[in-house]
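Notes follow once the structure below has been shown.
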């Protein structure tokens with residue numbers, strides 16, 4: 001049984017108050033994600049990638065079809081499915097450590113161990129020395145590492161990541177990609193990661209899922225070999241990049257190349 005399973009998942013939104021017209025943004029998507037996979041969702045803007053993530057997170061419900069986690073229908077959010085958003089989501093009046101502890105408070109973790117658990121998670125992302133700083137003193141990359149630390153502290157089974165590094169400069173983004181990939185190989189959490197960047201997907205994923213334009217549907221999938229050199233300049237990575245680019249909807253190609 002797959003850890004996460006979308007079956008004929010369709011999502012539509014009403015476009016008028018009378019509810020006579022609807023816009024379909026996700027159309028009949030079948031997607032099974034196994035435990036321990038790193039799945040990158042890629043495709044043009046508005047193709048339903050974020051909607052897919054929201055359905056898995058339980059923030060939204062499908063109009064038709066189903067979304068299951070460990071065989072059960074997803075009825076709402078849960079700490080086992082943690083989310084890292086594109087926008088920074090730290091509480092500015094709390095310190096870095098307090099932000100991680102707050103996440104543990106909200107999911108009912110044992111009170112006595114919360115501080116130690118939070119510190120351990122911050123060490124894992126290289127931020128233990130910044131535990132007493134407030135978010136306004138952190139760079140964008142550091143803020144996203146705190147968000148990842150929250151999921152590690154909560155011991156979420158699934159990391160749902162919606163373009164978490166897209167607002168960062170290229171050097172910081174590359175460093176965080178490498179850090180995330182190392183954490184995944186070490187802990188084998190299940191990761192669902194949205195990106196517009198083909199190169200980023202090739203360097204991170206164990207599987208890449210390509211969406212069409214609106215309404216979004218899956219038009220291609222690639223298994224990325226475990227032994228693929230995680231180097232954009234390697235012949236294997238370049239070959240996979242070209243194969244995905246050739247199938248990418250034309251409206252997304254230039255953005256996917258430059259993102």
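Bear in mind that the values in this text are calculations on the coordinates, not laboratory data. These numbers come from a predicted model, not from an experiment. Heads up, the Cβs are rebuilt from the backbone with ideal geometry, glycines too, and the neighbour counts pull from every protein chain shown.
For this structure, a couple of remarks:
- Additional length obtainable on full extension of the chain from residue 80 to residue 35, 0.36 nm per residue less Cα span: 15.0 nm
- Each label was represented as a point 7 Å from its Cα along the Cα-to-Cβ direction; for residue 87 and residue 45 these points are 1.6 nm apart.
- Net lengthening on full extension, residue 17/residue 2 (0.36 nm per residue, minus Cα-Cα): 1.6 nm
- Distance from region 32-61 to region 212-233 (C-alpha centre basis), Å: 14
- Shape summary: region 95-147 maps onto an equivalent ellipsoid whose semi-axes, from the alpha-carbon gyration tensor, are 19, 11, 9 Å in decreasing order.
- When 69, 88, 13, 211 are sorted by how many other C-beta atoms sit within 10 angstrom of their C-beta, beginning with the fewest, the order is 13, 88, 69, 211.
- Burial ordering of 120, 156, 45, fewest other beta-carbon atoms within 10 Å first: 45, 120, 156
- DSSP assigns beta bridges within region 105-244; of those with both partners inside it, close to 50 percent run antiparallel.
- Förster radius 45 Å - calculated FRET efficiency between residue 175 and residue 72, Cβ distance, rounded to 0.05: 0.75
- Average 1/r across all pairs of distinct alpha carbons in the chain, invert it, and you get the Kirkwood radius: 19.0 Å.
- Computed Kirkwood radius, in angstrom, where 1/r is averaged over Cα pairs of region 164-248: 13.7
- Listed from fewest to most Cβ neighbours within 10 Å, the set 102, 165 follows the order 102, 165.
- Taking the convex hull of Cα positions in region 138-194, its mean projected area over all directions (nm²): 3.7
- Convex hull (Cα only) mean projected area of region 40-124, reported in nm² to one decimal: 7.7
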